[in-house]
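> Mind having a look at this structure? Questions to follow.
The numbers here are math on the coordinates, done by the rules we state, and not lab data. As the structure is a prediction and not an experimental result, all values here were calculated from the model. Cβ sites come from the backbone with ideal geometry, for glycine too, and all protein chains shown count toward neighbours.
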Amino acid sequence: MKKQLVEYARKVLKDHDCDEYTYGGEWGKHVLADLKEAYPDGMEYPFIDVANAILSISKQRLIEKDPWIVRWDSASCCDGIGCKSLGAAKNEAIDLLVMWMVEARNEWDDVFNPTEDELENYNMMIFDSSVEVMKYDPMTDEYVEYWSPSYKDEEEIGWKELTREDIEKEKEAICHD
């Protein structure tokens, strides 16, 4: 009977896109509550028996840390995005800066004639926002700064405060192409 119950528990997990790690380290009452919610009309075996079978085959996941994090900081928020390689982290950092510029300029009513407030907000975003790549140090369990875009990197993507003259040059370049 126990073997059948365990097989039934495995099937229940699989039917709900779960595996033996889904409930690893969970309290039994969480498993029981999930089963009652998923099967309001009952199960082949008593809820408590299925919950205990699931707990008996459950395993805890090992702690994994991303080797790299892109830490971003803006006037309103600071957070990070995990990456598996330094190259991916650098690309993510640059992409984030480009995305911020595009989003900020998309808020302008007229792309070639922003209001004073729109231009000031854009330039404040450039001034207040930054990205950096941080590397995980397993000895300290901390992330340490490893790379940030150079002035040349920022210049290549246009990450700079804008003047009306800059916008006029962009307009002329587009109109002449």
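> With the dipole of the chain worked out from charges on the C-beta (+1 for Lys and Arg, -1 for Asp and Glu) around the Cα centre, which of Ile69, His16, Val102 lies farthest toward the positive end?
His16
> Could you give the longest part of the chain that holds none of the trypsin sites (Lys or Arg not before Pro) found in DSSP loops with at most 14 neighbouring Cβ atoms within 10 Å?
Here the longest segment lacking exposed loop sites spans 85-159.
> Would you mind finding the longest exposed-site-free stretch of the chain, with exposed GluC sites (Glu not before Pro) meaning DSSP loop and at most 16 other Cβ atoms within 10 Å? Mind showing how you got there, number by number?
Details: sites that count: Glu20, Glu26, Glu44, Glu64, Glu107, Glu161.
That gives 108-160 as the longest site-free run.
> Would you work out the charge dipole size for the chain about its Cα centre, treating the Cβ of every Lys and Arg as +1 and the Cβ of every Asp and Glu as -1, and quote it to the nearest 20 debye?
About 1700 debye.
> Would you please give the FRET efficiency between Ala33 and Val144, computed as 1/(1 + (r/R0)^6) with r the Cβ-Cβ distance and R0 = 30 Å, to the nearest 0.05?
Once the sixth-power term is evaluated, E becomes 0.15.
> If one puts a single equal scatterer on every Cα of the chain and applies the Debye formula without solvent, what log₁₀ I(q)/I(0) results at q = 0.15, 0.18 Å⁻¹?
Result of the Debye calculation: -0.87, -1.06.
> Quick one: if the Förster radius is 35 Å, what FRET efficiency do Ser85 and Tyr21 give, using the C-beta to C-beta distance and rounding to 0.05?
0.90
> Provide, for q = 0.13, 0.20, 0.29 Å⁻¹, the log10 of I(q)/I(0) from a solvent-free Debye sum over equal Cα point scatterers in the range 2-57.
Calculated log10 I(q)/I(0) at the listed q: -0.25, -0.62, -1.43.
> Something else: Using the 10 angstrom Cβ neighbour count as an exposure proxy, how do Val111, Val50 rank, fewest first?
Ranking Val111, Val50 by Cβ neighbours within 10 Å, fewest first, gives Val111, Val50.
> Over the C-alpha atoms of the range 101-151, what are the Rg and the largest Cα-to-Cα span, Dmax, in Å?
Values for the range 101-151 (Cα only, Rg and Dmax): 16.9, 52 Å.
> While we're looking at this one, here's another question. Just to confirm the filter: which chymotrypsin sites (Phe, Trp or Tyr not before Pro) across the range 1-50 are DSSP coil and have at most 16 other Cβ within 10 angstrom of their Cβ?
Here the chymotrypsin sites (Phe, Trp or Tyr not before Pro) that fit, given the DSSP loop and packing criteria, are Tyr21, Trp27.
> Can I ask one more? For Asp137, Asp117, which order do you get if you count the other beta carbons within 10 Å of each Cβ and list the fewest first?
Asp117, Asp137
> How large is the charge dipole for the range 102-177, taken about the Cα centre, if only the Cβ atoms of Lys, Arg (+1) and Asp, Glu (-1) carry charge, to the nearest 20 debye?
Numbers: 7 positive and 25 negative charges, 51 e Å.
The dipole of the range 102-177 has a size of about 240 debye.
> Take every Cα pair under 8 Å in the range 68-176 that's 6+ residues apart, average their separations, divide by the length, and report that relative contact order as a whole percent.
About 30 percent, as a whole number.
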